[in-house]
Structure formats: C-alpha cells, structure tokens
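Here the structure is laid out as structure tokens; the discussion comes afterwards.
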Amino acid sequence: MKPLGTGSYLKNNAKKIFPQFICILLSVYFVYLISVIFYSSIYGMNSYGLNIVKNAVTVDVNSKYRLPEDVVTMLKSNSDIGGLIPIVSKTGQFQYNSILTYSDGNVLNVFAEDIKKLLNLFHMKVVKGRLPKGGKKEVILPMNFAKQNKINIGDHLGNNPDLNTSFDDDYKVVGITDGPCSFMVTSSNIKISRNEALRQHIIVPLKNEKQAIVVKKLKNIGEKNITVFDYEDLKEQLASQYKSVNTIKFILDGLIVLVLCISVSHINSVVLLNRKKEFLILNLIGYKKLQIYKKILKESAAIDAIAFVVGVLAAVLTAEILNITLWEPQGEYAVIFKFEYIFTAVLIPVCVFIVNTIVSLKMSRWTFSKV
C-alpha cells in the first residue's frame with residue numbers, strides 16, 4: 001500500500017503549509033536580492049580595475065627613469081603580445097558611484113592611431129558619437145559615467161567637484177563607449193615621439209594566463225622605478241577589499257538562515273503535533289512508521305522546492321524592475337542572474353530540509369507513540 005500522494009496533501013492543506021512556505025519563499029527572495037546587490041557592487045569596481053588587466057599588463061615608469069631599449073625590444077618580439085600601446089600620460093581622473101560603493105577611473109592620453117586598438121583590446125565599443133581626434137581637447141567616456149552624471153555629446157569636462165572629475169584642461173565630449181571596462185580616452189597635447197612614450201608608460205596586451213613570465217622579467221628590472229599591474233597582483237589586492245564586503249554578506253545570509261531554521265523547526269513541530277491523529281489512522285489502515293516518515297520528508301521537500309522556485313522568480317523580477325527603473329537610469333548596472341546566486345539561495349531549502357529531518361527524528365518518539 002502506498003502513502004497518500006504529496007500533491008494531494010499540499011492541495012488539501014494549503015493553510016497548514018502556508019507559514020513554512022512563505023518563510024522559505026521570503027528567505028530565498030532576500031538572499032537572492034542580497035547576492036545581486038553585493039555582486040553588482042563588485043562588478044562595478046571590477047570594470048575600473050580587475051577587468052582592465054585580464055587581457056593586458058600595465059607598466060608605469062618613474063618620471064626620472066626609462067624602460068631599457070632591450071626590454072622594449074623583448075616585449076615587441078614576444079609572440080604572445082599583440083603590440084604595445086604607449087600611454088603618453090594620465091590627464092585626469094573621475095569617480096563612478098556604483099551600487100554600494102564607488103570607483104576611481106583614469107583619463108588615458110594616447111596616440112590617435114592607438115585609440116581603436118585600445119578599445120578593441122578591452123572589448124569596448126563607441127555606442128554614440130566618434131573617436132577623439134589627435135591634437136584636440138576631445139574625450140570619450142564610459143556610458144555608465146555619462147548616464148550617472150547626465151553627460152551628453154558636446155558637453156565639456158574639466159575640474160568639476162559635482163561630477164567628480166579632475167582634468168588638466170577643459171575637454172569636449174565627442175563619444176560614449178560601452179563594455180566590460182571603464183576609462184576615458186583622449187589624444188591631446190602630445191609632444192613626445194611614440195618610441196619615447198614606449199619607454200615611459202605602456203599597456204602590454206597579454207591574457208592573464210600568460211602574464212606570469214613577462215611580469216617577472218619586468219619586476220626584476222627595478223622595483224623602485226617600475227610599477228607593474230597584472231591580473232594576479234591586482235586580484236590579490238582587491239581580495240582584501242572584497243573580504244569585508246563578503247563578510248557582511250556572509251553574516252546577513254547566516255542570520256537569515258538561522259532565523260528561518262528556528263522558525264521552521266517550531267512550525268514543523270506544531271504541524272506534526274496536529275497531525276498525530278492522521279498518522280494513527282494511516283497506521284491502522286496498514287501504513288508502517290517508515291512509510292509515514294518518508295511521506296513527511298517528501299512533503300517537506302516539495303514545499304521547500306516550490307517555495308525556492310517562487311522565491312527566485314520573485315527576486316529576479318524585482319531585481320529586473322529595480323534595474324530598469326532605478327539603477328540603469330543612474331548609470332549603475334545590476335547583474336540579475338548568476339549561478340552563484342542560485343547556489344547561495346538553494347542553501348535555504350537545503351538547511352530547512354535538514355532541520356525538518358532532525359526535528360522529525362527527535363519528535364518521532366511521541367509523534368508516533370501510538371503508531
């Protein structure tokens with residue numbers, strides 16, 4: 001004889017299961033949204049830092065020092081390097097406010113012929129306007145910053161505390177870019193040759209898995225005179241910053257799970273007590289204790305699974321609405337879906353199921369005392 005179907009129980013006892021269902025649903029909902037907000041904060045920071053060195057190493061040289069010619073030749077001859085890009089100077093800085101945090105970006109002054117190569121390297125596209133011309137006080141800027149500060153083609157940027165920009169002069173906005181990295185680009189007031197610029201500050205196109213050997217050679221030249229930014233080093237530096245963010249998220253998730261488990265264990269205890277007569281009747285008509293116990297766990301798993309799916313869908317919908325109505329208009333971007341969110345959220349029903357199993361086992365002596 002088979003126990004009564006799980007579906008029938010859920011359908012006929014909607015009011016009884018509603019408290020547990022709504023607790024799990026809301027917990028999944030908030031944990032998923034917390035994941036969206038915290039990851040999106042890190043995503044915004046990465047577009048101004050870590051994403052830039054995924055495909056390239058940047059080399060800053062002390063103003064009184066120059067890279068040796070043989071080093072430049074070595075870099076040019078390396079088959080893994082797709083052509084060096086000299087940065088004449090950093091003509092300014094700007095600040096971008098992302099969800100929960102802010103990031104500092106640079107204004108790169110490069111030779112006009114290198115602008116397209118620079119954008120292609122970082123998978124950036126000009127979505128509005130055009131590229132800056134050589135020798136002109138013109139600049140292109142990332143879309144998120146433009147949206148956040150309501151900057152349009154034809155506007156001028158300089159030292160403006162309200163916009164969080166700091167330039168060495170007044171620049172006209174001629175283009176807006178979009179992509180995984182965020183920086184501004186200009187090509188103005190260049191008074192040195194390309195060869196000379198290659199010995200001062202360069203971007204070395206090199207994917208992160210091939211950076212180690214080249215970075216080691218560059219660092220051996222002289223640590224006091226050369227600063228090398230590569231993927232692994234920057235990732236390690238940022239890890240300490242992200243650690244505090246991840247700690248806060250871990251604490252919030254932990255509190256939600258703890259409160260939920262306490263609440264659900266109490267709810268489950270009350271439900272089992274109220275079902276004592278039901279279990280006695282099932283035993284009288286031929287069901288064994290193990291069958292009844294399996295029936296309880298199947299019902300619990302079904303409630304957990306349905307609440308999890310509904311909670312995730314509700315969170316995704318809420319995040320998408322917030323993205324469209326709040327974050328995107330301000331130039332902020334939320335990553336709505338990642339498998340990491342699902343993995344974090346699924347801990348809710350898993351923990352609840354474990355707690356329900358433990359509670360059911362501990363209560364079996366008196367719940368099934370007449371079974």
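The values are calculated or read from the model by the stated rules, or taken from the named source; none is laboratory data. All values reported here derive from a predicted model rather than from experimental measurement. FYI the Cβ positions are ideal-geometry reconstructions off the backbone, even for glycines, and counts take in every protein chain you see. Protein only, heavy atoms only, side chains kept; ligands, DNA and RNA dropped before computing areas. Shrake-Rupley method; radii C 1.70, N 1.55, O 1.52, S 1.80 Å.
What list of ³J(HN,Hα) couplings, whole Hz, do you get for segment 119-134 from phi and the Karplus terms 6.51, -1.76, 1.60, once you set θ to phi - 60° and write x for glycine and proline?
Going residue by residue, I get 5, 5, 4, 9, 6, 9, 10, 7, 9, 7, x, 9, 7, x, 8, x Hz, with x marking Gly and Pro.
In the Gaussian network model of the chain, springs joining C-alpha atoms below 10 Å, which of Thr58, Thr344, Thr247 carries the largest mean-square fluctuation?
Of Thr58, Thr344, Thr247, the most mobile in the Gaussian network model is Thr247.
Given 20 °C and 1.002 mPa s, compute D for segment 159-209 with the Stokes-Einstein relation, Rh being the Kirkwood radius over Cα pairs; round to the nearest whole µm²/s.
It comes out at roughly 148 µm²/s.
Can you work out the FRET efficiency for the pair Asp170 and Asn120, with r the C-beta to C-beta distance and R0 = 30 Å, to the nearest 0.05?
Plugging the Cβ-Cβ distance into 1/(1 + (r/R0)^6) gives 0.60.
How much accessible area per residue does segment 17-83 have, in Å², with a 1.4 Å probe?
Computed with neighbouring chains in place, this is 41 Å² per residue.
Calculate what fraction, in whole %, of the accessible area of the chain sits on carbon and sulfur atoms when a 1.4 Å probe is rolled over the protein chains.
C and S fraction of accessible area: 60 percent.
Rounded to the nearest 500 deg cm²/dmol, what is the calculated helix-only ellipticity per residue at 222 nm for the chain, with -39500 (n - 2.57) per DSSP H run of length n ≥ 4? Walk me through the numbers before you get to the answer.
Numbers: 11 runs with 193 residues, N = 371.
Value at 222 nm, helices only, nearest 500: -17500 deg cm²/dmol.
With θ taken as phi - 60° and the coefficients 6.51, -1.76 and 1.60, list the Karplus ³J(HN,Hα) couplings across segment 7-13 in order, rounded to whole Hz; mark glycine and proline as x.
x, 5, 5, 4, 5, 8, 10
What is the chain's relative contact order, in percent, from Cα pairs under 8 angstrom and six or more apart in sequence?
29
Could you work out the mean projected area of the convex hull around the alpha carbons of the chain, in square nanometres to one decimal?
24.1
In whole Hz and in residue order, list the ³J(HN,Hα) couplings for segment 83-100 that follow from phi through the Karplus curve 6.51 cos²θ - 1.76 cosθ + 1.60, θ = phi - 60°; x for Gly and Pro.
Here the 3J(HN,Hα) series is x, 6, 10, x, 9, 5, 6, 9, 8, x, 9, 8, 10, 10, 9, 9, 4, 6 Hz.
Provide the per residue accessible area, probe 1.4 Å, for segment 119-261, rounded to a whole number of square angstrom.
With all protein chains present, segment 119-261 gives 55 Å² per residue.
Normalise the Cα radius of gyration of segment 1-146 by 2.2 N^0.38 Å (N = residues in it) and let me know the number.
Details: Rg = 26.4 Å, N = 146, 2.2 N^0.38 = 14.6 Å.
Against the empirical 2.2 N^0.38 Å value, I get 1.81 for segment 1-146.
Membrane-span-like helices in the chain: DSSP H runs reaching 15 Å or more (Cα, own axis), mean Kyte hydropathy at least 0.5?
Those that clear 15 Å and a mean of 0.5 are 14-46, 231-274, 289-322, 339-367.
List the lysines whose Cα sits under 29 Å from the Cα of Lys11, skipping any in the same chain fewer than 8 residues away.
Reachable lysines: Lys2, Lys276, Lys277, Lys288, Lys289, Lys294, Lys295, Lys298, Lys362, Lys370.
Ratio of alpha-carbon Rg to the 2.2 N^0.38 Å globular estimate for segment 66-121, to two decimals, please. Don't skip to the answer; put the middle values down first.
On the way: Rg = 15.3 Å, N = 56, 2.2 N^0.38 = 10.2 Å.
For segment 66-121, the normalised Cα radius of gyration is 1.50.
Quick one: length gained pulling Leu290 to Asn195 fully straight, 0.36 nm per residue minus the C-alpha distance? Write out the running numbers ahead of the final one.
Working: separation 95, 0.36 × 95 = 34.20 nm, distance 8.09 nm.
Using 0.36 nm per residue and subtracting the Cα-Cα distance, I get 26.1 nm.
Please go through the residue pairs Lys128/Lys207; Lys125/Lys207; Lys133/Lys219; Lys76/Lys125 and name each one whose alpha carbons sit more than 30 Å apart in this structure.
Where the Cα-Cα span goes over 30 Å, the pairs concerned are Lys133/Lys219.
So between Phe337 and Glu320, what do we pick up on full extension, going 0.36 nm a residue minus the alpha carbon distance? Don't skip to the end; give the middle numbers.
Values: separation 17, 0.36 × 17 = 6.12 nm, distance 0.97 nm.
The Phe337-Glu320 span can extend by a further 5.2 nm.
Can you give the % of DSSP beta bridges in the chain that are antiparallel, to the nearest 5? Intermediate results must be reported in sequence, preceding the final value.
Details: 34 of 42 bridges.
If I count the DSSP bridges inside the chain, around 80 percent turn out antiparallel.
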